[in-house]
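Notes follow once the structure below has been shown.
The values are calculated or read from the model by the stated rules, or taken from the named source; none is laboratory data. Owing to the predicted nature of the structure, the values given are computational and were not obtained by experimental measurement. When we count neighbours, we look across all protein chains shown, and the Cβ atoms used for this are built from the backbone with ideal geometry, even at glycine. Areas reflect the complete protein model, heavy atoms only, side chains present, ligands, DNA and RNA absent. Shrake-Rupley method; radii C 1.70, N 1.55, O 1.52, S 1.80 Å.
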Amino acid sequence: MRVTNEQLKLFLADSNLIPPAPLDKIFIEAEQGKRELGPMLLEAGLIDESGLQKVYAYVLGIPFVDLTKETIPLDILQIVPEPIARKYNIVAFERQGKNLKVAMLAPEDLQTIDFIKKKSGFKIIPCLTTKESIQESLKHYEKSLIAEFGDLMTVTAEVQEEDSKSLEKMASDLPVVRIVDTLLKHAILQSASDIHIEPSETEVLVRYRIDGVLHDAMTLPHDAATGIVARIKVLSNLKLDEHRQPQDGRFKLEKEGYKISFRVSILPVFDGEKIVMRILDESSKGLTLEKMGLSGRALEAVHREIKKPNGIILVTGPTGSGKTTTLYTIMDILNTPEVNISTVEDPVEYRMPRVNQTQINPKVGMTFAAALRSLLRQDPDILMVGEIRDQETLEIALHAAMTGHLVLSTLHTNSAAATLPRMLDMGAEPFLIASTTNVIVAQRLVRKLCPECRKPFQLDAKEAESLGKSIDLDEVLAYLNSGEFDGRKKTKSTSICDFTFYHPAGCDQCGGEGYRGRIGIYEVLDMDLDIQKLVAQSATSEEIEDKAKENGTLLMSIDGFGKAVTGITTIEEVLRVTKE
């Protein structure tokens, strides 16, 4: 039940799926090297895995299925035990009477098919699928958090009642280890950015922050709190017997193709100790500024300014708006063998090759200012300062930018224009700010609409009037008519009601949320001569913003409306993150 090289070549030649010349060449190489033709065609990029598996299915006369966007009922999925499913890449996905359809990568594995037939009592109908489809389907085993915790709760409660056990022993007990491992695993599966474990008088609430919004994940008995805290302290190498002071730590999880870091913060609260863990995916593929949401003139300005050999580039926004990710993306672009990049961070969130990363430690005098002063003696070309918090750090960063270094950093301000008066308030000289600042990027993160279930709609006159109280509709309309946001032709619409926007609906793919993932909306202030003059005159943020808009700077809210019209996000999301 295997497709031979000859069979595959004949079918591909007859169907004209691959040009004859490269097909003949690779077929000869496969025969000479006694290799399979299919994998060699994949390596050469002449066909993708889905296309190849469809060809195999056709030649073998068996169905092909793609389960990447399917939700498999739990009762059908569990007909094939999880260990068998993982080991042999086989997933049950549909039952019709006494027939059970299974998706697999190797339909010639008659031994496994026979085993499942005997165990389940069903007639097995094998279907061919792809590796990606199997991997997505296997995740369904892990999505029922409540089911997985059901048998742990009573055992855990019994363990906690034994007061004679030490915290260290409690942390290593199997039920506690399983609870913590399961919480971490499900947070990773749901693409959470943070895990909150919050004790109260009667229970422990576990919440995940997914796409910037907190969701209740699980409520555990209060008795489980001590063991969970002890387990996480052991993982993070923190003091087990310290319950009165905050503690910060870190640990890594590496398995099954992913490498995740957890940044741990433990804070004493009235009913115990609250834990917040920031999840940092170190195995994720590198982002680009385009994927993050920058486009058009804003993207051109950032690329132009980061290529300059000196000056300061500032990224601003509130906590959790993606500032650090933007800085790391810029550093990734600049990270070439010809330059020396050094950073001062609190904490070091992601490790980067060829970048010298320094963690500040105020207890021993290693502050941002002290570390930055030392780094200037390390012959750097590019400096990244995690955050400018005080006048001393700001002045050192500005002088570094003035003396031939490119400095990247962040500030907490609400808009790009507000950053310049903020720097003046911190005590920096106006001429220094004007002459060294290259570009200021203000940003927020909005949730992305699920493309599978979003619903189009158009605003009516009443909704447009209400919207006009929150945002300048004339500016929005001018931008939408320009077509700059997606390369459309210019239009001459006289009302925002002419444009199509989208609502979230909710489906199995997005867990009923209507949103999946996040993207940035940006405001990029290019320091041209007009802005420099205003800074030198200590102008207000309103004056700077008005001049910037005259010169073509796009406000975050306007950028957001461009993304709303293209179906990336919603008007509600844009207003949620930009309202002041």
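Over the chain, DSSP H runs of length four or greater, each weighted -39,500 (n - 2.57), average out per residue to a 222 nm ellipticity of -12000 deg cm²/dmol.
For Lys469, a cut-off of 22 angstrom between C-alpha atoms picks up these lysines, skipping any fewer than 8 places away in its own chain: Lys549, Lys563, Lys579. Each Lys or Arg adds one and each Asp or Glu subtracts one; over the other residues with Cβ under 13 Å from the Cβ of Ile313, this totals +2.
A full extension of the chain between Thr491 and Asp66 corresponds to an added length of 149.0 nm, given 0.36 nm per residue minus the alpha carbon distance.
A Förster distance of 60 Å, applied to the separation of the beta-carbon atoms of Gln111 and Gln537, puts the FRET efficiency at 0.15.
Per residue, the convex hull spanned by the Cα atoms of region 88-132 amounts to 60 cubic angstrom. Separation of region 372-407 from region 66-93 is 54 Å, based on Cα centroids.
R0 = 30 Å: FRET efficiency of Leu189 with Glu463, Cβ-based, nearest 0.05? After rounding, the FRET efficiency stands at 0.20. Computed over region 263-336, the range of Cα coordinates on each principal axis works out to 52, 25, 23 Å, biggest value leading.
Once Rh is set to the Kirkwood radius over Cα pairs, what Stokes-Einstein translational diffusion coefficient, in µm²/s, holds for region 176-245 at a temperature of 4 °C and a viscosity of 1.567 mPa s? So the translational diffusion coefficient is about 102 µm²/s.
Taking every Cα-Cα distance in region 272-396 and sorting them into 10 Å bins starting at zero, the pair-distance distribution P(r) comes out as 10, 40, 36, 11, 2, 0 percent.
In the chain, the longest principal axis of the Cα atoms and the axis of helix 174-189 are about 70 degrees apart. Pairwise Cα distances in region 339-405 exceed 21 Å in 17 percent of cases.
Taking 4.7 Å between C-beta atoms as the pairing limit, the chain has these partnerless cysteines: Cys127, Cys497. Kindly list the residues of region 317-336 that lie in the label zone of Met352, defined by a backbone N under 14 Å from the point 7 Å along the Cα-to-C-beta vector. Within reach of a label on Met352: 323-336.
By the scheme Lys and Arg +1, Asp and Glu -1, what is the net charge of all other residues having a beta-carbon under 12 Å from that of Arg278? Net of charged neighbours comes to -1. Highest mean packing comes first when the peptides 40-49, 83-92 are listed by Cβ atoms within 10 Å, giving 83-92, 40-49. Both the radius of gyration and Dmax for the chain are 28.4, 84 Å, in that order, over alpha-carbon atoms.
The distance between label points at Arg35 and Lys119 comes to 3.5 nm (points 7 Å beyond Cα on the Cα→Cβ vector). Residue pairs exceeding 29 angstrom between C-alpha atoms, taken from Lys87/Lys448; Lys54/Lys455; Lys185/Lys307; Lys119/Lys252; Lys448/Lys490; Lys462/Lys490: Lys87/Lys448; Lys54/Lys455; Lys185/Lys307; Lys119/Lys252. As a fraction of the 1.4 Å probe accessible area of the chain, surface on carbon and sulfur atoms comes out at 49 percent.
Here the label points at Lys579 and Glu43, each 7 Å from Cα along the C-beta direction, are separated by 5.8 nm in the simple model. Considering only beta bridges that DSSP places wholly inside the chain, some 65 percent are antiparallel. Computed over all pairs of different Cα atoms, the Kirkwood value for the hydrodynamic radius of region 488-538 is 16.1 Å. If R0 is 51 Å, the Cβ-Cβ spacing of Lys98 and Asp281 corresponds to a FRET efficiency of close to 0.70. Set against the 2.2 N^0.38 Å expectation for a compact globular protein, region 358-508 has a Cα radius of gyration ratio of 1.53. By a 1.4 Å probe calculation restricted to protein chains, Ser236 has an accessible surface near 10 Å², given to the nearest 10.
The mean accessible area for residues of the chain, using a 1.4 Å probe and ignoring ligands and nucleic acids, is 50 Å² per residue.
For the chain, the longest principal axis of the C-alpha atoms and the axis of helix 110-120 are separated by about 90°. Between Asp390 and Asp472, the simple label model (points 7 Å from Cα in the Cβ direction) yields a spacing of 3.9 nm.
Taking every C-alpha pair closer than 8 Å and separated by at least 6 residues, the mean separation divided by the residue count of the chain gives a relative contact order of 9 percent. Highest-first packing order for the peptide set 303-309, 396-402, 440-446 is 440-446, 396-402, 303-309, based on the mean count of other beta carbon atoms within 10 Å.
Net charge in the neighbourhood of Ile440 (other residues with Cβ under 13 Å of its Cβ; Lys, Arg +1, Asp, Glu -1) is -3. Normalising the average separation of contacting C-alpha pairs (under 8 angstrom, six or more residues apart) by the number of residues puts the relative contact order of region 369-445 at 30 percent.
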